[in-house]
Amino acid sequence: MSDAPTERAAPLLAPLAALYRRELRLAVRIGGGGFMGVLFFLIVVTVFPFAVGPDMNLLARLGPAVLWIAALLATLLGLDRLFEADRDDGALDIIVGSGQPLELVVLVKCLAHWTATGLPLVLATPFFALFLAMEPLVIGATMLTLAVGTPALTFIGAIGAGLTVSLRRGGLLLAVLVLPFAVPVLIFGVSAAGAPALDPAPFATPFLLLCALTLATLVLAPIAAAAALRSGLD
Amino acid sequence: MFQRLTALANPTRFLGLVERLGPWLVGLTLALFAVGLYGSLVLAPPDYQQGETVRIMFIHVPAAWLAMFTYALMAVSALGTLVWRHPLADVSAKAAAPLGAAFTFLALVTGSLWGKPMWGTWWIWDARLTSVLVLFIMYLGLIALWRTIEDPTRAARLAAILILVGTVNLPIIKFSVDWWNTLHQPASVMRLDGPTIDPSMLWPLLVMALAFTSLLTTLHLYAMRNEILRRRIRSLGLAAAAGTAS
């Protein structure tokens, strides 16, 4: 046991890579929520024109906002299962007790969760944008901002998932706790996504701020979520 | 052993402190409000542009300051919970949350009442207003978290983590008027080059701020006392239930 780390080239990364593969495999199999997120995304985008009316000009203007709101809700939907499923079958205790830094474990789980739920949203965006009569340039900008911004939503959501992991009905509370922190992501995401449609509006400034938000949450959110997990489990 | 004794003794000593300080603080609050309200509603001159509506400021500005101050107080308490495991830190944070929510609500409502005659609208999505609304929602979310978790010690640590995460909002509120072009005016009292507000209006404002702070201190101490007593009743009830079960 003591000389096991020396046998491997990357003693820290190998278990984390295994965890990443495990999370992905669980997400795409029956019982995993990977597909549900995209379906929910489609439903929200479909419902919007019924609410605001089928005016194509109005929809084209609202398009980036609609896609961002749909992505935010779809991300929130799957987040309560981020730690809960592992807690239910006892896997979380094993992962916590495995000796890996819990912060990195949370980070890997977030990345895997984003690959399973966030990335499909980004890839589906161009098709759903056609429903909203958006221009090609705006579609590209929306896709880019979603690709950069949805990881931040997952990281922020991980804090809420860590806080509510031991609660029986934590889903609604998670949304209440997490949504205020998602506001800046939404603001800069939508303003960058809509920038190509409005001529004088700059794209780079909100986009770079969005990148900064994602990087900052990448570092800070796993620390807070890991602290919440430690407090919530014992 | 010694640690456990001090931990047990602290709340009792604290309750004694509240009993002794409480009446004095109530008197101080009433006196400050009497001076502050007389100064702001009677003595202070009406604004040359805004007329009498400027008097809303004497409630609005202290309430907004206290909304942020209460969150800072909760953040310090959260550190006390997580770092020093002080038994009263969580009681302090939990007791402060409804007070902070109330001050934030007061700031939002008075701001809305002031905005209607001055800006012509009850509400506008500007950075200062939005960030204060987010603060209000965060207070409510924290209260919801405390109400959801039954075990007080676990609720204490989870709430403390969320409080510390939420402190990112405080600098955003403070500097929102500088970073963005907001309809809300920039700071006019706490500035590096001194306040830009006339002394005839400044002194009632500062007295009102002191009165609000004194009010917060009084209510906070009594709310902490109630929380300690509530926890004692809870543990007595648990002990009684355990006694009948065995």
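Numbers at a glance
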| quantity | calculated |
| --- | --- |
| Residue within segment A:196-208 that is surrounded by 20 or more Cβ atoms within 10 Å (Cβ to Cβ), assigned to a helix (DSSP H, G or I) and among the aliphatic types (A, V, I, L, M) present | no |
| Matching helices (runs of 4 or more DSSP H) fully within segment A:39-129 where at least 2 residues are among the small types (Gly, Ala, Ser) and touching a helix residue (DSSP H, G or I) at 6+ places or on another chain (Cβ under 9 Å) | A:56-79 |
| Given (1) within 14 Å of another protein chain (Cβ to nearest Cβ); (2) more than 15 Å from A:GLY232 (Cα to Cα); (3) hydroxyl-bearing (Ser, Thr, Tyr), number of the condition A:SER166 does not satisfy | (2) |
| Meets criteria (more than 15 Å from A:LEU76 (Cβ to Cβ), buried (at least 19 other Cβ atoms within 10 Å of the Cβ), modelled with pLDDT of 85 or more and not β-branched (Val, Ile, Thr)) for A:ALA226 | yes |
| A:ILE156, sole failed condition from (1) touching a residue at least 60 places away in the same chain (Cβ under 8 Å); (2) over 12 Å from the mean Cα position of the chain (by Cα); (3) within 14 Å of chain B (Cβ to nearest Cβ) | (2) |
| Residue in segment B:151-173 that is farthest from the other protein chains (Cβ to nearest Cβ), counting only those that are free of Cβ contacts under 8 Å to residues at least 12 places away in the same chain and more than 20 Å from B:ALA89 (Cβ to Cβ) | B:PRO171 |
| Segment B:81-92 - residue that is of a type outside the set (Gly, Ala, Ser) and within 15 Å of B:LEU158 (Cβ to Cβ) and, of those, surrounded by the most Cβ atoms within 10 Å (Cβ to Cβ) | B:THR81 |
| Looking only at segment B:1-56, and only at residues there that are exposed (fewer than 14 other Cβ atoms within 10 Å of the Cβ) and of a type in the set (Asp, Glu), the one that is modelled with the lowest pLDDT | B:GLU52 |
| Check on B:LEU82, closer than 16 Å to B:ALA209 by Cβ and assigned to a helix (DSSP H, G or I) | no |
| Segment A:85-120, subset within 20 Å of A:GLY170 (Cβ to Cβ) and more than 21 Å from the chain's Cα centre (by Cα), residue surrounded by the most Cβ atoms within 10 Å (Cβ to Cβ) | A:ILE95 |
| Selected residue (only one of A:LEU172, A:LEU218 is modelled with pLDDT of 85 or more and either over 25 Å from A:THR46 (Cβ atoms) or not in a loop (DSSP other than H, G, I, E, B) (or both)) | A:LEU218 |
| Filter result (among the charged types (D, E, K, R) and part of a loop (DSSP other than H, G, I, E, B)) within segment B:37-70 | none |
| Only one of B:ALA107, B:ALA78, B:ALA127, B:ALA95 that is closer than 25 Å to A:GLY171 by Cα, in contact (Cβ under 8 Å) with a residue 24 or more places away in the chain and buried (at least 18 other Cβ atoms within 10 Å of the Cβ) | B:ALA78 |
| Unique match (being touching an Asp or Glu at 6+ places or on another chain (Cβ under 8 Å) and within 30 Å of A:ALA85 (Cα to Cα)) among A:PRO196, A:PRO184, A:PRO222 | A:PRO222 |
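Conditions tested, residue by residue: (1) within 12 Å of chain A (Cβ to nearest Cβ); (2) modelled with pLDDT under 85.
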residue	(1), (2)
B:VAL109	no, no
B:TRP114	no, yes
B:PRO117	no, yes
B:TRP123	no, yes
B:LEU129	no, yes
B:VAL134	yes, no
B:ILE137	yes, no
B:LEU142	yes, no
B:THR148	yes, yes
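The values are calculated or read from the model by the stated rules, or taken from the named source; none is laboratory data. This one's a predicted model, so the numbers in the text were calculated from it and none came from an experiment. Note that we place each Cβ from the backbone using ideal geometry, even for glycine, and neighbour counts take in every protein chain shown.
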